[in-house]
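For reference, the structure discussed in these notes is given below.
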Amino acid sequence: MPTQKKKILILTNYPGAYTGFGKQVKEFLTYSYRKYSDRFDFVLVAAGMTEYHPDFERWPWKTIGVLPNSQEEINNLQKDPNMMRMASYGDMNIEKIVLSEKPDIILAQEDEWGCNFLKNKKFFSHIPCVFHVTLDSLPILKDALDTASKTPYYWTWSEFAAREMRERHNLPHVKCQYPCVNTSAFYRLPSDQRLDLRKRLNIPLNAFITGFVSRNQLRKLFPRLIEGYSIFKKNNPNVKNTYLYFHTYFAEGWNIPQLLEQYGVDSKELLCTYICKETRNYYVGNYAGENIKNGTINKDSLVTPSTQIGVTESQLNEIYNLFDFYCHPATSGATELGICEAAATELIIATSSYSFGEDVIKLNKASIDLEYDLYTEIGTQFLKSNQRPASIAAAIDKVYKMDIIEKREIEARSRIWVKTYYGVESNSEKIIAELDKIPLKNWDFNCQPEQKEPNAIVTRDSDDRIWLKTMYRSILKMDVSDADSGLNYWLDAIKNGMNKNDIEAFFRKTAIDENTKLQQQSLSLEDLLDKDGRKRLLVVMPESAGDVFILTSMFESLRARYPKETWAFYFATKPEFFDILRANPYIDKVLPYNPIMDNLLHLEGINDHKGFFDVAYLPHLGTQRILDWMHNAEDKQGLELIK
């Protein structure tokens, strides 16, 4: 008998996103799907994506988004930043997805706070949940310690966090599992190609470039690197051929041009990457703002790289090959993929031996340990590292003056390190081996999402924080911490004079809306449809009375194109407009509108989801806003155009 395949539900970033989690899961699934699809069914649950996003078709494995398809629902979620944030991680829809997919194992590869809600779900005690999380600072989060105490499968992205949990918190089962880095995509180009690359990008051939590839986040210490470079230049006044290169999005985080001015660094000595939004070609130059003119196509289309618009791996490899030295100052991190990718291209790496940096400095024989000071971060109370600019200056000076033969011998060690500890094949095999060990559990998946309590009695406490947390817990069935962004949003709203009655009304209305949605989800659309062998046509018009009435003028024409003998004609609208359609001779049945009907792929099908209708028309939506024109090649043309 064939062995039963294990279904693995992977909760993480979308593999098409330009994020560390996105890159990691793309490499892991590309390798594992190709080699182990005969033993495992892989289903990716994509954070931050709508349920049936059309981009999912590009991947061979099944992908499901965690956000509702209805823009109306998303708009409602955005009224509470915390609810929107948690919905983007999957908190709102994960139970529905689990009940639908019936996985054997759930693998969550996320920040700890982006997946610890799993332990509060009804399926948690029935399905093995593997947490592969990023923890970047001491002390270890209390939520992380609590989660790790409730599952035998808890992995961190760096050794320092796993060691702390094992030794200080008596959690001996916690282990470090490094992520996957595509060392085949990142490699050192031959010397002649490196020179040709500089020529093509108008970079001086003798330039010495210190590079930094990172998101422009506050924990990435661009100020320290700029200040350190400034000290290096002051200590070497005759050096004229050096540059900083920041591959980052300048429009978020640190104000980099202002930092250059603050530390006396010539803006012409800072290079950056520009990407054309139209052609996706990249260019290198001094920073001059966003949406600047691309003379090649005469459009204002050049932007610096972000999580939404980035370079390809091949282009990024070229960018690393422009560097002579890689410096990565940061307060903390789990695994910094920029360091790993730079190491794969055989660059000397400078960072500090705190947090993720322990794994770099201890194991990479081509690394430089930057001196740092620890400080306690306000609010979180985390210990963070602050690199000393003089140490950065010394590192730049050391590599700049290094003998070229000695430098090449040292650089080659970087690639050995990253292939040994972060290679796609070796780490994918380790993850697969661990998943293979987990025993299957027999469960009937009899769990339904918890109903909210819109009528819960909540006493108006004099302490606004206690009152709001009570509403979260009693009405919305959510436990939030004092640092929660949604909680603090409402506290700020109260300070700014928002009426507390309005806030309470919002919580209760949200609970009603959530319960209504759960009730709608419990009734399958298939149960409402006739099974008489005919093809199915659906027209959706949620509201208003006038729009529904006007649309009836098209019914005769539609019925002529979709004859009753071979087509069942359904119309979906809100129940209050059913009377307008009563006894209409052209339609077979009126269906209650559900926001899921805004998604054409849900209605007509995508991949192994067969859909419910052969053709669905959504005249309330435009093609510029949402996909509504595919129709399985079954739509009938009402007008023949003559050339």
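Worth a mention:
- Computed E for residue 258/residue 234 - FRET, C-beta separation, R0 22 angstrom, nearest 0.05: 0.65
- Taking the charge dipole of the chain about its Cα centre, with +1 at Lys and Arg Cβ atoms and -1 at Asp and Glu Cβ atoms, the residue from 209, 383, 86 reaching farthest to the positive side is 209.
- Length-normalised contact order of the chain in % [C-alpha pairs under 8 Å, at least 6 apart]: 12 percent
- Stokes-Einstein, applied to the Kirkwood radius of the stretch 302-368 over Cα pairs at a viscosity of 1.002 mPa s and 20 °C, places its translational diffusion at 167 µm² s⁻¹.
- Partners for residue 233 among aspartates and glutamates (Cα-Cα distance below 15 Å; same-chain residues under 8 apart left out): 261, 266, 269, 397
- DSSP bridge orientation in the chain - percent antiparallel, rounded to nearest 5: 25 percent
- Among the listed options (1) 36, 32, 24; (2) 48, 31, 26; (3) 87, 33, 30, the one matching semi-axes √(5λ) of the Cα gyration tensor in Å as calculated from these coordinates is (2).
- Percent of alpha-carbon pairs separated by more than 24 Å within the stretch 225-313: 27 percent
- Excluding same-chain neighbours fewer than eight residues apart, the lysines reachable from residue 362 by a Cα-Cα span under 17 Å are 419.
- The trypsin sites (Lys or Arg not before Pro) of the stretch 555-615 that DSSP puts in a loop, and whose beta carbon has at most 14 other beta carbons within 10 Å, are 564, 582, 610.
- Charge dipole (the chain, unit charges on Cβ, about Cα centre) - positive-most of 575, 335, 125: 335
- From its DSSP helices (H runs of at least four residues, each -39,500 (n - 2.57)), the chain gives a residue-normalised ellipticity at 222 nm of -10500 deg cm²/dmol.
- Mean separation of Cα contacts under 8 Å (6+ apart) over length of the stretch 53-170, as relative contact order %: 18 percent
- Counting only protein heavy atoms and a probe of 1.4 Å, the accessible surface of the stretch 147-291 is 45% carbon and sulfur.
- Using alpha-carbon coordinates, inclination of helix 500-522 to the longest axis of the chain, degrees: 70 degrees
- Only Lys, Arg (+1) and Asp, Glu (-1) charged, at Cβ; the stretch 414-483 dipole about Cα centre in debye: 180 debye
- Residues in the stretch 142-149 carry Karplus couplings, in order, of 4, 4, 5, 4, 5, 4, 5, 6 Hz; the curve used is 6.51 cos²θ - 1.76 cosθ + 1.60 with θ = phi - 60°, and Gly or Pro positions show x.
- Helix 464-474 vs. the chain, principal-axis angle (Cα, 0 to 90°, nearest 10): 50 degrees
- About the Cα centre, charge dipole magnitude for the chain (Lys/Arg +1, Asp/Glu -1 at Cβ), debye: 1080 debye
- Per residue accessible area in Å² of the stretch 293-370, where ligands, DNA and RNA are left out and the probe is 1.4 Å: 27 Å²
- Filtered trypsin sites (Lys or Arg not before Pro), the stretch 418-478: DSSP coil and at most 16 other beta carbons within 10 Å: 441, 460, 477
- Note on residue 199: lysines with a C-alpha under 18 Å away, same-chain residues under 8 apart excluded, are 268.
- As a ratio to 2.2 N^0.38 Å, the alpha-carbon radius of gyration computed for the stretch 41-86 takes the value 1.28.
- Kirkwood-type radius of the stretch 208-263, with distances r between different C-alpha atoms, in Å: 11.9 Å
- Angle between the chain longest axis and helix 424-437 axis [Cα atoms, degrees, rounded to 10]: 50 degrees
- Candidates 4, 190, 258 compared by Cα position along the dipole of the chain: farthest toward the positive end lies 190, with charges placed on Cβ.
- Loop-located GluC sites (Glu not before Pro) in the stretch 499-597 (DSSP state other than H, G, I, E, B) with a sparse environment of at most 13 neighbouring Cβ atoms within 10 Å: 543, 565.
The values are calculated or read from the model by the stated rules, or taken from the named source; none is laboratory data. What you see is a predicted model, and the numbers here were worked out from it, not measured in a lab. Every residue, glycine as well, gets a Cβ built from its backbone with ideal geometry; the counts of neighbours run over all protein chains shown. These accessible areas exclude ligands, DNA and RNA; they are computed on the full protein's heavy atoms, side chains included. Shrake-Rupley method; radii C 1.70, N 1.55, O 1.52, S 1.80 Å.
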